[in-house]
Protein chains: 2
Amino acid sequence: MTAEPTTTQRTTGAPPGGSSASRQHTLRERNLRLVAKAIYDAAAGTSGPPDAVPPSRADVAAATGLTRATVSTLVDHLVAARLITELPPAAAQRAGRPAVPLVPAARTVVGLGLEVNVDYLGVRALDLAGQTVADVVEQGAFHDSEPATVLGRLGTLAAEVVELLQSDGMRVAGARLALPGLVDVRTGELEVAPNLGWSSLDPVPLLSLASLPVHVANEAKLAALAELAGEVPDSFLYVSGDVGIGAGIVVDRGLFLAERGWNGEVGHVVVDPAGPRCSCGAHGCLEQYAGKEAVLRAAGLPLDAPLRSLLAALEADDDAARAALHRAGRALGSALADFVNLTGVSTVVLGGVYAELEPWLRDDVVAVLRERVLASPFAEPDVRAARAGQHAALTGGAREVLREVVADPAAWV
Amino acid sequence: MTAEPTTTQRTTGAPPGGSSASRQHTLRERNLRLVAKAIYDAAAGTSGPPDAVPPSRADVAAATGLTRATVSTLVDHLVAARLITELPPAAAQRAGRPAVPLVPAARTVVGLGLEVNVDYLGVRALDLAGQTVADVVEQGAFHDSEPATVLGRLGTLAAEVVELLQSDGMRVAGARLALPGLVDVRTGELEVAPNLGWSSLDPVPLLSLASLPVHVANEAKLAALAELAGEVPDSFLYVSGDVGIGAGIVVDRGLFLAERGWNGEVGHVVVDPAGPRCSCGAHGCLEQYAGKEAVLRAAGLPLDAPLRSLLAALEADDDAARAALHRAGRALGSALADFVNLTGVSTVVLGGVYAELEPWLRDDVVAVLRERVLASPFAEPDVRAARAGQHAALTGGAREVLREVVADPAAWV
DNA sequence: GGCGGTTTGTTGTACGGCTGAACTATTGCC
DNA sequence: GGCAATAGTTCAGCCGTACAACAAACCGCC
């Protein structure tokens, strides 16, 4: 008899009703979720490449353990709610009545990702099929900006997008607002966002988006969720390099958010107490070695240099640039070793500027992890570059909204 | 509109059936759990002091949202299964028919905690009422011991305890084996336990406990769960000082166990890369400052000195001892600051030898946490001593087994 | 090209479990 | 002793799933 991973998980989007009375309709809700999730996951290709052929009612019945009769009625409800679409039966190669392929509906229900960051703000809408149906990004300089003005502008953009989508017959399920700062996951308030110069405010009302449920989250954490669109383990640490260094802890495909969700502050892990003083008051924080500005400075580039000039220097084998990334990689490895040792999550995804710098960082990070992670002899740490592309938090936020739709389809039937 | 903590949690003891087909009997199972948990929690006094008077069927109905009719039949089942006991009606002060108080049954179903540690092995049995019904601890020296011999002896002790309990009419629900090493939570195998000199083995068969489900876990993690018996936040970091330094992450009253459960390795967070070399190969690990041996050495005591001689020196205001604890406290604070920053859990419980040393550690630990925890201006970190007493892992293991019984009472009706 | 074999999806009955309302049981208060 | 109040029980009704039989649509093969 062995220990099973008898574990619940604290991540985004717990199915509701875990600890409230179960009535007859609870069965319906739970089984609707089960069926919706089966079809959604098969289409998204949760593991491996997307199945060549979408599942039929019979497939869903086999996968869930429900009878075909029950699945049939549930699917009918989901189709009526426009969450699921029936495709024309494919030419069958087997004997028997051809199956009706079921896929998540396109352009019916969408989730919205919103973001304010230092140099841009944006709105992105995704549908259940995973397609981007709207994408608006405005460049800007929001360092020390006025929250009401910036969030008001973002709200206007979002309202325009919502208007457009609704006139196309789509329903907007909700929105996630990504901010580069400390967001209290319980209240949705922003405690502080150093790079915006914002503090102690409730951002949602400033958007003026009436009748649209908006949740707030940290930018790196939503960006982490965007990685779930691709092939990635169920649990990983996402580390996003930028002016600051943000992180998200993904466990079993959901965000780990204990207490107020203030985790992953890897930028201020002390790499060397004899190192340079950091803005946080401590000495030798990771940011002083692997923060964007520290790397540019060490590479002999101006602090406002674009990333591509650093990449150019690296590709040209510039010694200072190479040395800067070697130093950053060792420091990053050291801080990540603590991160892995403390959380027990062994895969690290490098996001933000680290994604593009990964070829020059990876070897050093891996080497230090191998030295310093205690479990590395039994579970080799894995380091990889993020793949979600530009403005990943917008994608992650929109995906998160849709995940909630799939997790509670009963609200839509 | 604000962000809710829309989070599932990965901790010990997920209610089963989260993602499988819901049939009619699923309702029964879920509601049985709900009722059992309501009665159990009220008795255990999950928050605050135990309610003066245990809940009645009507109270449970009000608390759960189920009707009195449903609660009545469910309670009848639980009473028949001897999981719940009806107390004689208390003298009613209100008008109306007096309520029948419901409490967890004493001495009917018990959970077993087992442990092998460096200097002892033990068996403890707890019943649903929270009482210890059996407690056997054998001192010994198990450094570099033979696993088969030691676990065989523990198995014999456990079998004797089981025999005794069963002859008294009790049913043993299961057992948890605590080991001071790296335990793979998925397979139950022990990868390595440095202080026992054990590695790569499956401990459960060596116990030779037929027909008793035994799960294996890390000792510090089970000790952390023992704290849940007292007044403690729902989430906290438990750090246990001993020869090594172990830790457990408790989130929403359950263990956080991502992947294989290898988290909380705080003993090898690097406090100062210029510090002394550690057995793990790195320099300046926390253990070199706050490990039991490092503290004793710094205090000028022999490495095998008992804890009470250190406590005596501290109470006598011995300079070397005080300085040793100051140094340990600063180092511990630094490593815990990383732990708090990375996990977002703001309460630290000091267990193992740290529990008794807490008066001399606390101020330094708190001071460093205040400096280094980024969220400390918004959520003051809390540091407290563990209260579970000797051999906490035995208590935690037994409690964990009982928590599973309460989480799935349907298996017992 | 019709017929058996095969797989899909639907229909109708049975059953389990919760609800709501009425009912019984037991007390305090006037 | 009667009335109000609270606890617990009984029973018809409803809801959602299972099970089994059935209809639909295809293949292959003689």
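In this Cβ point-charge picture (+1 for Lys and Arg, -1 for Asp and Glu), the protein assembly as shown has a dipole of about 2660 debye about its Cα centre.
Taking amide hydrogens as placed 1.01 Å from N in the peptide plane, the amide H of A:V345 sits under 5 Å from that of no residue at least 5 positions away in sequence or on another chain. Our estimate of slack between B:T73 and B:A148, defined as 0.36 nm per intervening residue step minus the Cα-Cα distance, is 22.2 nm. Under the shape rule built on the C-alpha gyration tensor, where the axes satisfy a ≥ b ≥ c, region A:231-385 is prolate, since a/c reaches at least 1.5 and a/b is greater than b/c.
For the pair A:D317 and A:V53, label points projected 7 Å from Cα toward Cβ lie 5.5 nm apart. Per residue of peptide B:247-253, the mean number of Cβ atoms on other chains within 10 Å of the residue Cβ is 3. In loop segments of region B:181-274 as defined by DSSP, the GluC sites (Glu not before Pro) with at most 14 further C-beta atoms inside 10 Å of their C-beta are B:E231.
Averaged per residue, region A:24-91 has 50 square angstrom of accessible surface, using a 1.4 angstrom probe with ligands and nucleic acids left out. Considering only alpha-carbon pairs that sit under 8 angstrom and 6 or more positions apart, the relative contact order computed for region B:231-385 is 23 percent. Only protein atoms count toward the accessible area here, which uses a 1.4 Å probe; on region A:333-394, the carbon and sulfur part of that area reaches 46 percent.
The mean number of Cβ atoms from other chains found within 10 Å of a Cβ in peptide B:265-276 is 5, as a whole number. Using a probe of 1.4 angstrom and keeping all protein chains present, the accessible surface of region A:231-385 works out to 34 square angstrom per residue. Distant-in-sequence amide contacts of B:W198, defined by a placed amide H-H separation under 5 Å and a gap of 5 or more residues or a different chain, comprise B:A193. For chain A, the Cα gyration tensor yields ellipsoid semi-axes of 39, 26, 20 Å (square root of five times each eigenvalue, largest first, whole Å). Could you tell me which of rounded, prolate or oblate describes region A:349-413, using a ≥ b ≥ c as the square roots of the eigenvalues of the alpha-carbon gyration tensor, with rounded for a/c under 1.5 and, failing that, prolate when a/b is larger than b/c and oblate otherwise? In terms of gyration-tensor shape, oblate.
Copy-to-copy label distances for A:R277, where each label lies 7 Å from Cα along Cα-to-Cβ, are 3.5 nm in order of increasing length. Could you tell me the center-to-center distance, by alpha carbons, between region B:283-315 and region B:337-395 in angstrom? That distance is 19 Å. Working ranking of peptides B:372-378, B:347-353 by packing, defined as the average number of other Cβ atoms within 10 Å per residue, highest first, is B:347-353, B:372-378. Backbone phi angles across region B:131-143, fed through the Karplus curve with coefficients 6.51, -1.76 and 1.60 (θ = phi - 60°), yield HN-Hα couplings of 8, 7, 10, 7, 7, 10, 10, 10, 6, x, 10, 10, 5 Hz in residue order; Gly and Pro are listed as x.
Less than 5 angstrom separates the built amide H of B:L177 from those of B:L114, B:H215, B:V216, B:A217, all sequence-distant by 5 or more or on a different chain.
Chains A and B together bury roughly 6900 Å² of accessible area, counting both sides, with a 1.4 Å probe on protein heavy atoms only. Is the shape of the protein assembly as shown best called rounded, prolate or oblate, per the rule: a/c under 1.5 gives rounded, else a/b larger than b/c gives prolate, else oblate, with a ≥ b ≥ c the square roots of the Cα gyration tensor eigenvalues? Because a/c hits 1.5 or more and a/b fails to exceed b/c, the protein assembly as shown counts as oblate.
Ordering B:V232, B:L336, B:G281 by Cα displacement along the dipole of region B:231-385 toward the positive end leaves B:G281 in first place; charges were set at the Cβ atoms of Lys, Arg (+1) and Asp, Glu (-1). Working note: Karplus 6.51/-1.76/1.60 with θ = phi - 60° gives region B:366-381 the couplings 4, 4, 5, 4, 4, 5, 9, 7, 5, 8, 4, x, 9, 8, 3, x Hz, where Gly and Pro are set to x.
Note on region A:24-91: with neighbouring protein chains present and a 1.4 Å probe, carbon and sulfur make up 60 percent of its accessible heavy-atom surface. With the highest mean first, a sort of the peptides B:31-40, B:199-208 on other beta-carbon atoms found within 10 angstrom per residue produces B:31-40, B:199-208. Over the C-alpha atoms of region A:24-91, the Rg to Rh ratio, Rh being the Kirkwood estimate, stands at 0.96.
Secondary structure note: in region B:231-385, about 55% of the DSSP beta bridges are antiparallel.
Rounded to the nearest whole Hz, the Karplus-based 3J(HN,Hα) values (6.51 cos²θ - 1.76 cosθ + 1.60, θ = phi - 60°) of region B:239-247 follow the sequence 10, 10, x, 6, 4, x, 10, x, 8, with x at glycine and proline. When both bridge partners sit in chain A, DSSP labels roughly 60% of those beta bridges antiparallel. Between B:D135 and B:A80, the C-beta separation translates, for a Förster distance of 41 Å, into a calculated FRET efficiency of about 0.85.
Applying both filters, DSSP loop and at most 12 other Cβ atoms within 10 Å, to the trypsin sites (Lys or Arg not before Pro) of region B:72-171 gives B:R94. Here is how the number arises for chain A: DSSP H runs of 4 or more residues each give -39500 (n - 2.57), the sum is divided by the residue count, and the result at 222 nm is -12000 deg cm²/dmol. If r is the Cβ-Cβ distance from B:R277 to B:E160 and R0 is 51 Å, what FRET efficiency results, to the nearest 0.05? Rounded to the nearest 0.05, the efficiency is 0.65.
Remark: mean inter-chain Cβ contacts per residue of A:152-159 equal 0, using a 10 Å Cβ-Cβ cutoff to other protein chain atoms. For chain B, the longest principal axis of the C-alpha atoms and the axis of helix B:68-80 are separated by about 70°. For B:L164, the distances from its label point to the matching points in the remaining copies are 7.5 nm, ordered from shortest, with each point set 7 Å beyond Cα toward Cβ. For region B:278-364, the relative contact order comes to 30 percent (Cα pairs under 8 Å, sequence separation of at least 6).
The values are calculated or read from the model by the stated rules, or taken from the named source; none is laboratory data. It should be emphasised that the depicted structure is a prediction, and the values quoted were computed from it without experimental measurement. Quick reminder, even Gly has a Cβ in these numbers, built from the backbone with ideal geometry, and neighbours come from all protein chains shown. Surface accessibility is based on the protein's heavy atoms, side chains included, excluding ligands, DNA and RNA. Shrake-Rupley method; radii C 1.70, N 1.55, O 1.52, S 1.80 Å.
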